[in-house]
Amino acid sequence: MSFFSQQLNKFVSAISTDMAIDLGTANTLVYVRGKGIVLNEPTIVAINKKTGQLVAVGNEAKAMQGRTPQHIEVVRPLVDGVISDFEVTEEMLGYLINKVHGEMRSLIAPRMLIGVPSGITNVEMRAARDAAKNAGARDVFLIEEPMAAAIGSKLPISKAIGSMIIDIGGGTTDIAVISLNGLVVAKNLRVAGDHLNVAIASYVRDQFKIYVGEKTAEDAKIALAAVRTDGTSNEMVVRGRDVMTGLPREVIITAGDVRDAVSSQVETIVEATRGVLEKTPPEVMSDIMQRGINLCGGGALIPGLSSFLEETLQVPVIVVPDPLRAVVRGAGIVIENLEQYEEVLIDNEEELSPYLN
Ligand SMILES: Nc1ncnc2c1ncn2[C@@H]1O[C@H](COP(=O)(O)OP(=O)(O)OP(=O)(O)O)[C@@H](O)[C@H]1O
Ligand SMILES: [Mg+2]
């Protein structure tokens, strides 16, 4: 690179608002270089079906959920951690770029770093790259979410020391063992917080014969979820529609109900973690035994989950500080120091993750 183009590059990156995005199934967080986390909103969009235009994004769209007239549709453009509605995702990203970028947008487009679940297909990676490009990014970089979460949790990813992180999000659970800037063993499970909501709603339908909405099930989960018996005395009133009469009815559900509803999903996560540990080389395993497993993502907040994992797997388990922001914190560190972290980025579609099937 000539001196001139180096200087030009420096100048361009100084005035462009580079950003790192944790594009999650449940929540989208945006970090802007030099500024920090500037946005944290649900990954939900409201669209006018007649005009195709965005009516609302994030919290505003979430508040409309279940309360819209016929011509407005509330959409969650990501399912199981990956883009399911490409156009809506692109529009949402464009809106977010505009929001954080303001007038600068027309001058220099930003570079964008996006977190993706480990083990996604090349087609899914391309969709993320294209959505960001079409939304106005100058360059797009991808990072595996568990890697970003590990960086955001200050784990020694570049050293010859094994670290383990489990990110239980809304759509996916990423379980990864990291050493020397790479994933040693990883597994991506499409079982996470949203699936717990579905399990709670179907449990309530079977046991109490009422239909409850997604949001009600999530509220019950957040209020009552506990993997242990300790919370059994807690209870809450949930409202739904009677399966037989079709009329509104309310019932009281307890923490014990929620625990029963989600137990098989929790078991799946525990078993997958066991599977990853079994594939982990002995030296790395010994590091993890000493340093523990780090838990992040919204699912890390379920009371009793970390101690349940700890006892079942006989390995210490630590919930990282501020677990919902671990990925965006890490992605932010990377976008601030792109050269230093080049090795942890996903090469243009070629890289094969060592994930288990
Ligand atoms: N206090 C809590 N207790 C239990 N679950 C919670 C709590 N707070 C949030 N959650 C759940 O965490 C999930 C969202 O977590 P997170 O923001 O990490 O997911 P995401 O990054 O958007 O999804 P993904 O990484 O799977 O694409 C939701 O399912 C939400 O219900
Ligand atoms: Mg996530």
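Taken across region 65-78, residues that are within 14 Å of ligand 2 (Cβ to nearest atom) and open to solvent by less than 40 Å² (accessible area, probe 1.4 Å) do occur, with at least one present. Is at least one residue of region 280-297 small (Gly, Ala, Ser), outside any helix (DSSP H, G or I) and in contact with an Asp or Glu (Cβ under 7 Å, 6 or more places away or on another chain)? The answer is yes; a qualifying residue exists. Among the residues of region 204-215, those identified as in a helix (DSSP H, G or I), surrounded by fewer than 20 Cβ atoms within 10 Å (Cβ to Cβ) and not charged (D, E, K, R) are Gln207, Phe208. So is Glu218 part of a helix (DSSP H, G or I) and not assigned by TED's automatic domain parsing to the domain that holds Ser179 or not? Here the answer is yes, as Glu218 does meet what is asked.
The single condition among (1) assigned by TED's automatic domain parsing to the domain that holds Pro303; (2) surrounded by fewer than 23 Cβ atoms within 10 Å (Cβ to Cβ); (3) not hydroxyl-bearing (Ser, Thr, Tyr) that Ala199 does not meet is (1). Assess whether Gly240 counts as being assigned to a strand (DSSP E or B), touching a residue at least 12 places away in the same chain (Cβ under 8 Å), surrounded by 15 or more Cβ atoms within 10 Å (Cβ to Cβ) and not charged (D, E, K, R). So Gly240 passes the test. The set of residues from region 28-52 being in contact (Cβ under 8 Å) with a residue 60 or more places away in the chain, within 16 Å of ligand 2 (Cβ to nearest atom) and surrounded by fewer than 23 Cβ atoms within 10 Å (Cβ to Cβ) comprises Ile37, Leu39, Asn40.
Of all residues in region 53-64, exactly one satisfies the criterion of being surrounded by fewer than 16 Cβ atoms within 10 Å (Cβ to Cβ) and of a type in the set (Gly, Ala, Ser), namely Ala63.
The values are calculated or read from the model by the stated rules, or taken from the named source; none is laboratory data. This structure is a prediction, so every number in the text was calculated from the model and none was measured. Note that we place each Cβ from the backbone using ideal geometry, even for glycine, and neighbour counts take in every protein chain shown. SASA here: full protein model, heavy atoms, side chains in, ligands and nucleic acids out. Shrake-Rupley method; radii C 1.70, N 1.55, O 1.52, S 1.80 Å.
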